Structures are given as C-alpha cells and as structure tokens.
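Chemist: One structure follows; several queries about it will come next.
Each reported figure results from applying straightforward, stated rules to the coordinates on display, with no laboratory input. Quantities reported herein were computed from a predicted structural model and do not represent experimental measurements. Here the Cβ is made from the backbone with ideal geometry for all residues, glycine too, and neighbour counts use every protein chain on show.
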Amino acid sequence: MNIRRTLATAVAAAVTAPVFLLSATPALAVPRSAGTTPATTVDASAPALAAAPASASADPGAAQRTVRDRDAAGLPAPDARQSPKAADDRKSATAGGDRKSAKAQEAQKGKPSIEDLERALAAAEQAYRDAKAAEDTALAELKRISAPDSPLVLALADARRLAKDAAAARTAADKALAEAEAALDALPEDATEEQRTAAEQAVADAATAAEAATEKDEKAAAKATAAHDDLADAQVEASKVVHRAELATAKALKAKEAAGKALEDALAEAGDDSCTPAPRLTVDAKGLPGAIARGATAEFTVRVTNGTRETLDTVLPYVAVRAVDESGQQGASGSLRLTWSGAGSPAWQKPDADHRTGVVKGLKPGEHADIKVRLAVDAAAPLGVGTLSITADYRNDDGSCGYTPYYY
C-alpha cells in the first residue's frame, strides 16, 4: 500500500533540515530548510532531547510554522479553502475514501480478500507455533528417556549391576567346583572311605552351586539385555517422533512463509493507484511532550479517527521517529526506543519494519482507536532534536483501500 511511500516522503523531507522537529499538528509532507523557518535549537546545558510542542495550544507558533513551511514549499493548504481545482481533487479523494471501489471489487472477484489472507497467515503462524511446540515436546521426551535419572536408564543400570554380581558369583562357583574336583583327584590311594566320600560330596555340592550360579547368571544377563533393549527401543521410538515433528515443523514453516508471501503480494497489488487519499481518516498525537530528558521515557497517545461515512474494515496506523544531534549533521535515532500498546495487543512491543503499530478492526464512522506510545531516550544520547511521523491507511474486505493524504 502507499504507506511506505508516505513514511519515506516524511523522513526524506525532514532529512533536508539541519534539525528534526517532533510535531503533533497536521502538516503536509514538506521539506524544511534553514531559510523557511528558524531551526529549533537545544541548550547544551540541558540534558534533554528537544521536541516541538505537542499541539498548537502548547505552542502558539506551531501552526504558524506549519503554514510558513507549507507556503515556502509552494504546496496547497491542507484545508477546505483551496483553489477550485484543489477543492475538487479533495472532494474526489474524500468520496473515494468513503465509497467501496467498483474497480477494486471487480478486480478482486474470485480472489481471496486481504482479510482472508490475514486469517490464513494467522492460522499458518499458529500451526507453525503448534508444530514447533510439538517438536520441542518430542525433543524433551527423548532427553527425558535418556537422562541419568530416567526409569529406563535406572532399570538398565540396576540390571547390569545384578548381572555383574551374578557373573562374579558364577565365576566363584566354577572355581570352587574346579578346586573340589582337584581335591578329589588328589586323594592318595590309601585315603579312607570317609575322606573319599567327603571329597566326592564336596564336588557334588560345588557342582550344584555352580549350576545354580550359572542359571542365575544367565537370567541376570538376559534381564540386562532386556533392559538395554527397552531403553534402546524407547529411544528409537522417541527419535522417530522427533523426526516426524521436525518434518511437520518444516512443513508448517513453509506454509507460513507461503501465506506471508501471498499476503505480501496481495498488499503490493493493492498498493497501486486504486488506493485513494482519505482526508477524513485522521491521525493525531495526544500528550506529546515538548522535550524528553536523556534517560527518561515519555508516554503519549496516537488517535486514529474514522471521519468517513462507512465502516473501515482494517485500519493500519504507523508511527516513526527520527533524530539528529544538536549540530544537525549526525544521526541520533539509535538513541531512541519506540514501543506501542493497543486494546488488541496490550503488551508493549516495537513497531514492525514498516513502522506499523497494530491493526484496528471494524472502525465505525465517527469512532476512534487509541494507540499508546512510549518513547525512551538512552541516558548516553547526545543533545539533539527529533521528528515524529504518524499516519494511517485502511483496506476493506472488498479490496478498496485508502490512506491519510498527509503525514502528521
């Protein structure tokens, strides 16, 4: 849509000036220069990031500066008192913002709407999160099975210990049998009957013990083998689950990327000339401070108001901030931290790569939506000045779309 162009225009316009101004009063996207309006300066002794007053009431000269900048750039005034041609153009833009575009409706026949694609992307993102969670669960189960304190690992360790003891006992019994047999063979020819009977009994007892030890050893060895197989089988099955989960995650990621690409393409397609300026869709900053001390955070509200005669299905507000040091030659935007919060997304978060701050659904005629904005300045930030740009666009389920003709 045209928002990227609008924001780019706003930023490019401000870069031509030696300073940036934070402004909440409506203004056309016009370049400032040292010859059109006095540069706002910052007292080097004051540890603050200077900003223009939040409103004309806070700074009576703000509107006057806007007019001077506008006139110096040779652009029409942003109100109804324009030339007949400009007034006709504005009426046309307003009507285009208020009515569903028949051309857009025709072009969208047989195609999923932006709303449909957004829902598809949301579903794909949720499916990916679910798949990733399942993969993480599968990996955790494999690790649990193989952990030193897992039941199968403990059972194997116990079985191996018993098998080792049984093997040692069998070895001892075999040795005792060999010794008994050797003692019997070593009896002299003149040994008494009692001595021979005792030696033979010792051999028989040793043989019985050796047989029992052998049987016990074989059973213990079998149990150790079974415990090993149980652990190995569990690990193999868990590994299979992990593999299937990884495949599912990869598939879900591919589907999510495809859904994102489809939405991106649709938005790019919708960003042609069918999107019309909508002057009655307005954006205002409420409570914007005149200055922010280094290391401090300011909170204000960006309000999007639907002044059209119909419900706007999806409204996208945008907020961007830029700054330079007091010389006007060195960028200082890296010292600023912008976050936002809205009714649908109460957690504080950064704007996306396009400076979008949330989505407003079903904004009815005359209604407004507020986005809370926090602007933090690093404690090590240089003294300087900044500019805040706010704007919004909308798109309807039938494919019609529009945008604020001014940035603010």
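Chemist: Whole-Hz ³J(HN,Hα) for each residue in region 123-138, computed from phi via Karplus 6.51 cos²θ - 1.76 cosθ + 1.60 with θ = phi - 60°, x for glycine and proline: what do you get?
Modeler: 5, 5, 5, 5, 4, 5, 4, 5, 5, 5, 5, 5, 5, 4, 5, 5
Chemist: A further question follows. Please report how far the C-alpha centroid of region 106-151 lies from that of region 374-408, rounded to the nearest whole angstrom.
Modeler: Value for the Cα centre distance between the two parts: 32 Å.
Chemist: Could you sort 322-335, 275-288 so that the peptide with the highest average Cβ count within 10 Å comes first and the rest follow in order?
Modeler: 275-288, 322-335
Chemist: Still on this structure, I have one more. What's the ranking of 368-376, 171-179 by average number of surrounding C-beta atoms within 10 Å, highest first?
Modeler: Order by mean packing, descending: 368-376, 171-179.
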